[in-house]
Amino acid sequence: MRSGQRIGLPLISPVQASRMLTRSLALRATTLLLVAATLASTPCAQSGTDWIQINAAASPPRRVGAPFAYEAPEHVVLMFGGAGAAAGSTYPTGSETWEYDGRHWSLLTPATVPPPRAFMAMAYDEARERMVMFGGRQSGVSMNDTWEWDGNNWHQVTTIHSPPVQSGHSMTYDTVRGEVVLFSGDAALPETWLYDGTDWTLAQPAHVPPGRSRSALVWDRLRSRVVMFGGTPNLDDTWEWDGTDWTEPMPATRPPGRSEHAMAYDAGRGRTVLFGGIVNTATVNDTWEWDGTDWTQRLTVSSPSSRDGHGMAYDPDRGVVALFGGSNDTWEYGPDQPGSYQRFGQGCAGPAGAPTLDAFEGLRPYVGEVFAVEVRGLGAGPALLAFGASHATWGNVALPLDLGNLGFPGCTLLVGLDVTASLTPQNGHAEFALPIPPVAGLVGQRFYQQVVQFDTLPTPTGLSLSNAAAARIGAL
């Protein structure tokens, strides 16, 4: 997310952010000197974000039209079916179920297997922890069946209503409304369908994108929007779905029109990543990013070869976009200097339980971007978000510090209280946004956070603390 971009969170100014970060690092003399020197220097340039080929064990055979989706409980990317592809020819569709964990591919053997198919669509329903698959094509015949994967087996779902038979459609999961969103792959029938885990519903938006096939659809977690780009016939338009209607942004820059490309939303960097596809009649291997306002082409050092019909998915555990398909090689895309945000330790409970601190919608801290956190389980009392330069010492005090001797049994201070910011809880929830200055000297710097709340209701301690988190600032 770019500095200054509105996300509906309490937002401090870049000057305040610069002071906060500088003060929170003030206990490290060398760091303070570095930050002070670089604050007046040239803003940091775009850092390296690159593709890396992964020598994954037991790689699947080459295929096209096999969708990718990340399966959260198993911490793997799931792939099903696809059409085997070889130079100049296409083999029959398959019905294999594969998992990729970042190092290895594993061929699964479920008791129930959907019929072979390619160019279907898949999306992971986070609320129900089910992978949803719809449609596809086998031997030139399209389908309209709905299947779900529960982590061990496939189950066909019988619904009262259903989208028509189709292939080349696109799907993603809307985390706000808890439904799968499907945009039709029939260029003559541009429909939007919604699946709630029980039935399909045909949406009735006031505006409808032109019909298309083999476009790409992702869920932008930060902005709570579905993003769609391209499709046949060689479309170069961007559309967004807000749960009710479609709107067409008019970016200053846009990728060339294409189809059979792939997209994935990089939650850590708050960007949609697009790769490859067919432009006119030629396959391409260009990489683009959408930040909610404009498209930017990323000129990477390494890259997968030109391809189409591949799949991509974001792995939040490792902060990379995984790619497979159009060939039999596996690639990952991410920053050379990634930001990180790792939770650690446990809080102590107040009237509403122990507060939980985490990054907002999977964001990670990057220079020149707005980083945000959210806190849940807060009570009604005043709450502070603490920023510390260390989780080992606070001045002359060793951390972690057991607060039991101070009258707060069961509570542990895990980070230094070098800087604090007020939080405004609403219904037990608070959010805080921090613009990180575009200063090269901040890359690689660490800071630590923990929430402190003073209880207004009688409690055993009068205090509640959240878990802590360790943050490292990265470069895009």
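Only the coordinates and a few stated rules stand behind these numbers; no lab work does. Treat the numbers as computed from the prediction; the structure is a model and nothing was measured. Backbone-built Cβ (ideal geometry, glycine too); neighbour counts: all protein chains shown.
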Check your understanding: Counting Lys and Arg as +1 and Asp and Glu as -1, each charge on the Cβ, what is the dipole of segment 186-245 about the Cα centre in debye, to the nearest 20?
Key -> 200
Exercise for review: Please list the non-local residues whose amide H lies under 5 Å from the amide H of residue 276, H modeled 1.01 Å from N, same-chain partners needing a gap of 5 or more.
Suggested key: 286
Point to revise | Label point distance in nm, residue 285-residue 144, each placed 7 Å from Cα along Cα→Cβ | key: 4.0
Check your understanding: Hey, how many Å between the Cα centroid of segment 90-123 and the Cα centroid of segment 46-74?
Key -> 14
Check your understanding: Across 10 Å bins from 0, what is the distribution of all Cα-Cα pair distances for segment 216-289, in whole percents?
Key -> 20, 54, 25, 2
Practice item. For residue 394, enumerate residues with amide H under 5 Å from its amide H, sequence gap 5+ or separate chain, H modeled in the peptide plane. Key: 399
Revision key, fill the gap. FRET efficiency (residue 393, residue 429; Cβ distance; R0 35 Å; to 0.05) is 0.65
**Study point:** 222 nm mean residue ellipticity, helices alone, for the chain (DSSP H n ≥ 4; -39,500 (n - 2.57); rounded to 500)
**Key:** -1500 deg cm²/dmol
Practice item. For the chain, give the magnitude of the charge dipole about the Cα centre (Cβ charges: +1 Lys/Arg, -1 Asp/Glu; no others), in debye to the nearest 20. Key: 1100
Point to revise | Length released on extending from residue 127 to residue 75, taking residue separation times 0.36 nm less the Cα-Cα span | key: 17.2 nm
Exercise for review: Would you work out the relative contact order for the chain, in percent, from Cα pairs under 8 angstrom that are 6 or more residues apart?
Suggested key: 16
Review point. Which residue, chosen from 180, 249, 311, occupies the Cα position most advanced towards the positive end of the dipole of segment 49-335, where the dipole is computed from +1 (Lys, Arg) and -1 (Asp, Glu) charges on Cβ about the Cα centre?
Key: 311
Exercise for review: Set the Förster distance to 25 Å, then compute FRET efficiency between residue 155 and residue 176 from the Cβ-Cβ distance, nearest 0.05.
Suggested key: 0.45
Review point. Hey, what D do you get for the chain in µm²/s if you plug the Kirkwood alpha-carbon radius into Stokes-Einstein at 37 °C and 0.692 mPa s?
Key: 138
**Study point:** Table column - 3J(HN,Hα) (Hz), segment 152-169, Karplus curve with 6.51, -1.76, 1.60, x for Gly and Pro
**Key:** 10, 8, 9, 9, 7, 10, 9, 10, 6, 10, 7, x, x, 4, 5, 9, x, 7
Review point. Convex hull volume of the Cα atoms in segment 367-442, per residue, in Å³?
Key: 109
